[in-house]
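The values are calculated or read from the model by the stated rules, or taken from the named source; none is laboratory data. Treat the numbers as computed from the prediction; the structure is a model and nothing was measured. Quick reminder, even Gly has a Cβ in these numbers, built from the backbone with ideal geometry, and neighbours come from all protein chains shown. The area values use the complete protein model at the heavy-atom level, side chains included, leaving out ligands, DNA and RNA. Shrake-Rupley method; radii C 1.70, N 1.55, O 1.52, S 1.80 Å.
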Amino acid sequence: MNTKSLASAGGVATAIGVGAVALGIGTIFTRLAREALHAEVAVDDGPDDLLTRPDNPPQRLEVRTADGTRLNVEVYGDSADPDVNDTGDVIVMVHGWTCNTAYWYPQINHLAATEGGSRRVVTYDQRGHGRSERGRRRPTVAMLGQDLDAVLDAAVPADRRAILVGHSMGGMTIMSWAAQNPEKVGSRVSSVVLVSTAAKAVMDNHLLIPVDLPVYAKPFAPAAAKMITSVPVPIPKTSYGVRFSHYIALGPNARRAHVEFVDEMIGACPPRARAGWGSAMGKLDVTAGLAVLSVPTTVVVGTEDRLTPRLHAEQMAEVLRRNGSLRDLVVYEGVGHMSSIEAAERFNALLDEVVAESSRATEERKDIQSV
């Protein structure tokens, strides 16, 4: 076969390969679209007051990370005022991928945003999200923990401890911080709540891709998942887009108010930040941080979570159980990935229990130290 024939054969092979990839990826996205558009429609039962912007505006702190990136940190509750005598544990809430501080409105409105509230609640925008700068460095999971360390130093007084609550990438942030600062876990933290999150292999165990794919399309499922999470394209604002947000991020019987709130929040995340952090989580392994969480730790998951399914929660709970630090594994039936929004009342009640237990433990510790 001459050179011209070889080149021609190579071109044909390349064209066939490209066509196979296009067919496989196209089939996956077609199936995904079909399932999303034929899924249950959100329940329209009116607005949810817990999702409204808190009446009491937060105190805003500008925190600089180790590399100089500016993070937007918000402190809620009357105890944000240094003249108020609040010596309790500080609740520090860390949002997830493509979200921002508004994600925690249901908890802020419950804990700290009413006039006369005395619980200090700290939230912040992860870098590249909300009002925080993206920074110049390529996003890494280690960076998440380093940023949280800067927030704790700035917003939690040295003589007080934090109750860390992290959703999705926020939970990964807490475990990343613990892995890098094991000596601080017992002295700076009184309790941890890991919500709809994972410690490793997050891209291997998701349920984003339909399971009933043709044989020829299955090899392209990892590539399709990576495209969904790591390609920096804008998300168009359409009625169909809301259906995709519902299908991917919330349970099948979610309220319309919740779906629209989440869709708006996801759409506000800059594409480069979404793609950068999506790519970083593809290399996730913070099991070392999970292993050193020596304080009471609660794991929360919804049965309909496609992004971090129940398998992850059970694996984390088993590690914590062996270490003697598992407070509880809480499973919300019919709830998706946005569990602390979808099941806000139940989650808020759980937080009340965690806060009460942490407060009692803190007082007992102080009593012992004073003897």
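Taking a point 7 Å from the Cα of Leu311 along the Cα-to-Cβ direction, the residues of the stretch 194-215 with backbone N closer than 13 Å to it are 199-209, 211. Between Tyr240 and Thr52, the distance separating the two model label sites (each 7 Å from Cα on the Cα→Cβ line) works out to 3.6 nm. Counting 0.36 nm for each residue step from Asn253 to Arg322 and taking away their Cα separation leaves a gain of 21.3 nm.
For the pair Val231 and Leu207, the difference between a 0.36 nm per residue extended length and the Cα-Cα distance amounts to 6.8 nm. Comparing mean-square fluctuations of Arg327, Arg272, Arg360 from a GNM of the chain with C-alpha springs under 10 Å, the top value falls on Arg360. Averaged over its residues, the chain has an accessible area of 45 Å² per residue, based on protein heavy atoms and a 1.4 Å probe. The alpha carbon convex hull volume per residue for the chain rounds to 159 Å³.
Choose one of Phe220, Ala254, Val73: the residue whose Cα lies farthest towards the positive end of the charge dipole of the chain (beta-carbon charges +1 Lys, Arg; -1 Asp, Glu; about the Cα centre). My answer, from the dipole projection, is Phe220. Lys237: which aspartates and glutamates have alpha carbons under 12 Å from its alpha carbon, excluding same-chain residues fewer than 8 sequence positions away? Candidates past the 8-residue exclusion: Glu260, Asp263, Glu264. Amide H to amide H, with H built 1.01 Å from N, Gly251 comes under 5 Å of Gly336, His337, Met338, counting only residues 5 or more places away or on other chains. Compared with the alpha-carbon gap, the fully stretched path from Lys283 to Glu363 is longer by 24.8 nm at 0.36 nm per residue.
Of all the accessible heavy-atom surface of the stretch 153-221, with the other protein chains kept in place and a 1.4 Å probe, what percent is carbon and sulfur? About 57 percent, which is the carbon plus sulfur part of the accessible surface. What a 1.4 Å probe finds exposed on the stretch 233-371 is 54% carbon and sulfur by accessible area, rounded to a whole percent. Structural size metrics of the stretch 149-193, computed from C-alpha coordinates, are Rg and Dmax of 9.9, 29 Å. Kirkwood hydrodynamic radius, computed over distinct alpha-carbon pairs, for the stretch 230-371: how many Å, to one decimal? Answer for the stretch 230-371: a Kirkwood hydrodynamic radius of 17.5 Å. Between the amide H of Val330 and those of Val299, Val300, Val301, distances stay under 5 Å, these residues lying 5 or more places away or on another chain, with hydrogens modeled in the peptide plane.
Its relative contact order, with pairs defined as Cα atoms under 8 Å and 6+ residues apart, puts the stretch 106-252 at 15 percent. Dipole check for the chain: with +1 at the C-beta of Lys and Arg, -1 at the C-beta of Asp and Glu, and the Cα centre as origin, the magnitude is about 1920 Debye.
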